[in-house]
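The values are calculated or read from the model by the stated rules, or taken from the named source; none is laboratory data. Being a predicted model, the structure only gives us computed values, none of them experimental. Cβ sites come from the backbone with ideal geometry, for glycine too, and all protein chains shown count toward neighbours. What goes into the accessible areas is simple: the full protein's heavy atoms, side chains included, and nothing from ligands, DNA or RNA. Shrake-Rupley method; radii C 1.70, N 1.55, O 1.52, S 1.80 Å.
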Amino acid sequence: MRLLVVEDEEDLVDALRVGLVRAGYAVDVAYDVAQAQEKLQVNSYDLVLLDLNLPDGDGFELCRAVRRAEYGQAVRILMVTARDRLDDRVRGLDEGADDYLVKPFAFPELLARVRALLRRDTGGTSVLEVGELRLDTARFEAHRTGRQLHLTPKEFGVLHYLMTRPGHVVSTEELLEHVWDEHTDPFTNTVRVTVGNLRRKLGVEGLIDTVIGKGYRLREKT
Ligand code: CA
């Protein structure tokens, strides 16, 4: 899952980036509204963490633009802001934020809200099951036939993405978009290497098929 952090406080950005990457997310950062607009135009995100007081404008405006589908994606928005007044919170949710968190916050709460928003796509549970595979996104644990798999954040991210689309072919570009961040060279073989390592750790042949010229497919029944 790929997140865009829109935030101008550098210390907070650094802390968020470290914590979110450790939790298995790909993270891009925009320090102002203009950068956020650029990134939303070229990349697709699963969630935007949006500060409201930005150096060149207001997060509400960006939120409205996302909701008007100006960037062609129905991305979820978590407002993270020091504006703690009731009318700001109400306005944030009315303008289209999916959730609103007031600064200062405890990082575990931010992570829990991120997970809650992202699992709306998977029927409200933090546990995904496909055949013998079980993925607990809250505990960051993966199991196959009851045996725990020791995955890196990227391997976990790839498996998570594939498990939300079992039986569907997922292209290398799509995996790069959703599991890696903008600093990844699009011509890299990192996806192929990561999928190779993931297959080895799954310990069984044929769970993830390569569809030549198209991408990868997780078998629906494993
Ligand atoms: Ca700010």
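If you bin all the Cα-Cα distances of the chain at 10 Å, starting from zero, the percentages per bin are 8, 33, 34, 18, 6, 0.
Between ASP94 and VAL21, the contour length at 0.36 nm per residue exceeds the Cα-Cα span by 23.3 nm.
Protein heavy-atom surface of the chain, 1.4 angstrom probe: 48% of the accessible area is carbon and sulfur, with nucleic acids and ligands not counted. The simple spin-label model puts a point 7 Å past each Cα toward its Cβ; for PHE107 and ASP87 those points are separated by 3.6 nm. Helix 33-42 versus the longest principal axis of the chain: what angle, 0 to 90°, nearest 10, using Cα atoms? In the chain, helix 33-42 runs at an angle near 30 degrees to the longest axis.
Report summary: the helix-based calculation at 222 nm, which adds -39500 (n - 2.57) for every DSSP H run with n ≥ 4 and divides by the residues of the chain, gives -11500 deg cm²/dmol. Based on protein heavy atoms only, the chain ends up with 49 Å² per residue of surface accessible to a 1.4 Å probe. Annotation: lysines with alpha-carbon distance below 27 angstrom to LYS221 (same-chain offsets under eight excluded): LYS154, LYS201.
Place a label point 7 angstrom from the Cα of ASP121 along the Cα-to-Cβ direction, then list the residues of the range 61-82 whose backbone nitrogen is under 18 Å away. Output list for this probe position: 66-67, 69-79.
At full extension, ASP56 and THR190 could sit 44.7 nm farther apart than now, given 0.36 nm per residue minus the alpha carbon distance.
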